[in-house]
1. Cβ-Cβ under 7 Å, sequence separation 6+ or interchain: first residue in the range 54-81 and within 22 Å of PRO42 (Cβ to Cβ) and among the aromatic types (Phe, Trp, Tyr), partner at pLDDT 90 or above and outside any loop (DSSP other than H, G, I, E, B). Which pairs?
2. Only one residue in ASP35, ASP39 is touching an Asp or Glu at 6+ places or on another chain (Cβ under 7 Å) and either more than 16 Å from ASN144 (Cβ to Cβ) or at pLDDT below 90 (or both), so which one is that?
3. Every residue in the range 20-74 that is among the hydrophobic types (A, V, I, L, M, F, W, C) and closer than 22 Å to LEU183 by Cα, please.
4. Which of the residues spanning the range 5-22 are of a type in the set (Gly, Ala, Ser) and modelled with pLDDT of 80 or more?
5. Taking the range 168-194 only, how many residues are over 22 Å from GLY158 (Cα atoms) and within 18 Å of the chain's Cα centre (by Cα)?
6. Looking at the range 138-148, which of the residues that are among the aliphatic types (A, V, I, L, M) and outside any helix (DSSP H, G or I) is farthest from LEU208 (Cα to Cα)?
7. Any residue in the range 185-213 that is among the small types (Gly, Ala, Ser) sitting within a Cβ distance under 6 Å of a residue that is surrounded by fewer than 18 Cβ atoms within 10 Å (Cβ to Cβ) and in a helix (DSSP H, G or I)? List the pairs, counting only those 6 or more apart or interchain.
8. Kindly establish whether GLY72 is within 25 Å of GLY195 (Cβ to Cβ), crowded, with 19+ Cβ neighbours inside 10 Å and not aromatic (Phe, Trp, Tyr).
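The values are calculated or read from the model by the stated rules, or taken from the named source; none is laboratory data. This structure is a prediction, so every number in the text was calculated from the model and none was measured. Here the Cβ positions follow ideal geometry from the backbone for every residue, glycine too, while neighbour counts run over all protein chains shown.
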Amino acid sequence: MLSTLFSNPLIFVLSVISLLLAISIHEFSHAYVADILGDPTPRLQDRLKLNPFVHIDPTGILFLLFFGFGWGKPVEFDPYNLKNPRKDAALISIAGPTSNFILAILLSILLKLSIFLQLNILTIIGYYLFVPMIQLNLILGVFNLLPIHPLDGFKIVGGILPEEKAHEWYSLQKYGWIFLILLIVPFGSSSMLDGLIRPIINFLSTLLIPGNL
């Protein structure tokens, strides 16, 4: 993404706007579901809003700019406030990626409708704004579903597993950052992470982004 700053500043600015919106919706969804499930922690920490500045994690933003994937400021929740801590934690975790996929689908529908109805102005706007938003939401959604702590996928798996297996699963939490770094570090021209999630993102992009754009 950062490479477009000098080659196409307009695309870079629109991509940054798209990034902030995608992260805000992702983290807000975590906070909203936690609040619904009975934990007031996100509300007390002022996370129940779409203001990007309460959801930005500087490191996560830098990773998105330089490497094409990243994260927002994690939403904290207290499992002791939840009726079913393990399963509710999984619901809170899956809310973020789900919101990104829903937004990507809605934007895709708008974009395809504008093409079908020959709304040229909306199609042009869609090319410059909707397309990067779709791509960034897909990146955030897929990346955060990886079953590695501290990503959302780790708690999702923990909520699905039987209780005895879940305890073994959570014992891997302390190694999460090691696994993540090993995936992120490039070997040659790309990293293992890129090879893992890029085909999925490309496949979803072909479904959601019209081929004639």
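1. TRP71/ASN144; PHE77/ALA34; PHE77/THR41; PHE77/PRO42; PHE77/ILE92
2. Only one candidate passes the filter, namely ASP39.
3. ILE23, ILE61, LEU62, PHE63, LEU64, LEU65, PHE66, PHE67, PHE69, TRP71
4. At the first step, the residues of the range 5-22 found to be of a type in the set (Gly, Ala, Ser) are 7, 15, 18, 22.
Correct list: SER18, ALA22.
5. 2
6. Out of the qualifying residues, it is ILE148.
7. Close Cβ pairs satisfying both conditions: SER191/ILE184.
8. So GLY72 passes the test.
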